[in-house]
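Written out below as structure tokens is the structure these notes cover.
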Amino acid sequence: MELMEDEEAVMSELMRQLEDEGLSPEEQMVLLNETLNKVLNSAAVQTDSGALTRAKTRFYHSGVLSHCVRVLSLSPSRLRGNWASAATLAHLTSSSCVGAEPGRRSEAFHRLFLPSVVDVLLSLAGQLVSRSEAPPLLRTVMDAVGWLLSAHPHLTAQVLSSAHYEQIQMSDDVTVSLLCIQMWIQTCTVNRDFLSQLSDESALLLLNDAVAQLALSSDAAVGGASIKLMLLMANRMGLRLRSLLFNFKGLDSLLEKDWRGRGFEQEVDQLIAVIQQEETASRQSEASSERVRAACVIQAAWRSVLTRRRVKSLSRAVSALQRRYRARRRRLQQQEAAQQWEEQLRYQVCVRRQQARRRLHQKQRELLQLLPADQVRPYLEECERRAAVVIQSAWRSFRDRRRYGDALRDAARRQRAARTLQRAGRRLLEKRPAAQAPPPTPLLIGQEGLTESRRAELKQQVEEYIQTHRSTRVSVEACAALHEEVQQLLQAELQGGAQRRREEQQVEALLAQTHTHLELLRDAPPLSVVTAMQAESFLSQSASIAARGRDAHIAALQASRLPWWRTLGDTNTGAESGHLPELEAELGGLFIGGLALDGVKL
């Protein structure tokens with residue numbers, strides 16, 4: 001805790017001093033170098049392994065690293081030749097960036113801050129190339145760049161495509177070229193996964209730099225470093241390098257002519273073997289592709305032969321195909337026509353049912369207008385009762401049919417289960433050996449196994465049972481009297497049932513006749529269009545019924561001539577009200593509330 005507080009105090013004091021506008025860039029670099037070096041050394045000697053990481057993270061969050069980048073990005077005129085301090089600050093900045101944990105600002109750290117650090121370091125290296133004191137300071141800066149690349153391989157594409165790095169490569173100094181190649185070798189050595197994490201484009205650019213050094217430079221150190229870098233790439237990348245080496249034709253001959261006898265023949269032989277292996281693999285792939293093309297030509301010729309054979313028999317196939325197509329199309333048209341006819345028929349049936357329902361409702365409304373006011377409610381209640389009876393009967397029939405179907409299914413299920421059990425039992429009995437079957441039980445006395453003593457014992461047991469359980473005697477006369485009484489009761493029951501059935505049949509016939517007459521009266525035409533023949537069909541054969549109908553008709557006519565307000569609340573209006581109880585008594589309690597209406601139609 002004390003160390004952390006000391007570091008916080010040091011950084012706060014550092015930021016306070018850096019904000020002072022009176023400090024020159026040289027003084028800022030010296031202050032930054034001293035503070036960064038002091039904090040990093042003190043964190044490195046701590047026993048806590050996370051102390052160094054926390055220190056680097058505080059550098060980033062406090063803005064110290066950003067201030068370092070701003071100082072290094074100053075123009076050479078403002079640095080005033082203090083290149084040693086600038087190189088030291090670049091090294092400390094790169095070390096602080098490696099291992100820092102930005103936390104929630106991770107995306108900004110990797111996408112914005114690290115590219116700016118790389119660009120500043122390469123710019124500083126490009127400025128050091130033209131200086132006389134360049135070699136040791138340039139090595140420090142390039143080591144800083146390599147250290148940063150080993151921890152963050154995604155920055156490789158930016159380095160290889162940077163204008164400052166191209167300026168460094170264009171230098172004629174052998175030392176500069178050697179430092180560039182050694183930087184990549186160091187980066188690949190420190191991070192073994194560096195090359196595997198590179199994209200194909202970045203790996204091609206790196207390989208292009210190494211081949212360019214072999215082609216342009218004649219220095220043995222530069223050539224040896226380039227060859228070492230290419231061998232390292234071949235070992236780490238494996239098959240990925242084969243596709244990249246196809247872009248460099250004649251590389252093996254260049255190595256054979258220019259780099260033999262330079263003191264690293266073993267490395268040259270290894271690289272030539274890798275290149276020739278790639279060329280052999282490419283020639284084999286070309287040969288295999290040639291065989292594939294030949295196989296394709298053969299297959300195409302054979303398919304053409306088969307196609308010509310099919311074309312000869314195409315006329316018959318086409319005629320058969322057309323015939324099947326026409327038959328299928330005709331069948332589909334017929335199905336569509338039948339479906340349309342059925343739909344039209346269903347539509348017409350629905351329309352006619354709706355029209356009939358409307359006519360029925362209209363006729364019912366007209367009939368209700370002709371009824372007296374005191375009979376409208378009883379008539380509607382009777383209609384509701386009949387509708388309820390119809391609905392209940394339909395529901396009971398549906399329920400009974402469902403129960404009957406369930407019973408049939410249960411019975412069928414039981415039969416199948418019984419057949420399954422019987423079949424299994426028969427199979428078991430068939431498989432059972434005859435020796436295991438139980439012996440039959442002896443039934444006769446003379447069979448073997450029943451002795452005389454056993455037979456005498458059984459006979460004594462039978463006699464004792466008969467003596468103990470003697471049955472009560474019943475006389476023949478009592479049985480005959482009981483039989484005669486049962487026959488009389490059965491005959492009376494049968495005669496009474498026949499009499500009840502005859503009465504029920506008479507009642508049903510009378511009800512059917514009455515309902516038929518009511519239906520005829522409801523469907524009768526108006527008096528304005530009725531004919532004599534139609535009127536005679538409604539005349540009753542009974543004189544008493546005709547007289548009562550005539551009286552009811554006259555009473556209905558008189559009631560219809562009265563104002564509507566005279567009929568409200570008057571339950572004794574008209575002549576039919578006095579005759580209703582008598583008619584109901586004569587007809588056996590039938591509902592004749594519509595008699596006055598029928599009389600009007602007559």
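The values are calculated or read from the model by the stated rules, or taken from the named source; none is laboratory data. Model, not experiment: these values are computed from the prediction. Backbone-built Cβ (ideal geometry, glycine too); neighbour counts: all protein chains shown. Side chains are part of the model used for accessible areas, which takes the heavy atoms of the whole protein and leaves out ligands, DNA and RNA. Shrake-Rupley method; radii C 1.70, N 1.55, O 1.52, S 1.80 Å.
The table that follows gives values for the structure above.
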quantity	calculated
Pairwise FRET efficiency - Thr307 versus Val174, Cβ, R0 = 51 Å, nearest 0.05	0.15
Nitroxide proxy distance, nm - points 7 Å out along Cα→Cβ at Arg427 and Ala317	5.0
Sequence of Leu370, Leu137, Leu271 when ordered by accessible area, the most exposed leading, probe 1.4 angstrom	Leu370, Leu137, Leu271
In Å², nearest 10: area of Thr88 left accessible to a 1.4 Å probe	60
Potential extension, Leu520-Gln461 segment - 0.36 nm per residue separation minus Cα distance	12.7 nm
Separation in nanometres of the label points that stand 7 Å from Cα toward Cβ, at Val45 and Val530	13.5
Residue-level accessible surface for Val476, protein heavy atoms, 1.4 Å, Å²	110
With 5 Å bins from 0: P(r) over the stretch 479-527, alpha-carbon pairs, percent	4, 18, 11, 11, 10, 8, 9, 6, 6, 5, 4, 3, 2, 1, 1
Stretchable slack from Arg416 to Cys296, in nm (0.36 nm times residue separation minus alpha-carbon distance)	36.8 nm
Solvent exposure ordering (accessible area, 1.4 Å, most first) of Val390, Val64	Val390, Val64
Förster radius 35 Å - calculated FRET efficiency between Ala547 and Ala498 (Cβ-Cβ, nearest 0.05)	0.45
Cut-off 11 Å, label 7 Å out along Cα→Cβ of Ser560, residues of the stretch 368-404 by amide N	370-371
Equivalent ellipsoid semi-axes - Cα gyration tensor, the stretch 274-391, angstrom	87, 27, 9
Stretch gain in nm, segment Arg359-His483, where the contour uses 0.36 nm per residue and the Cα spacing is subtracted	38.1 nm
As computed over the stretch 331-416, the Cα convex hull volume per residue (Å³)	101
Accessible surface of Tyr60 - all protein chains present, 1.4 Å probe, nearest 10 Å²	20
Probe 1.4 Å, accessible area per residue of the stretch 294-412, Å²	90
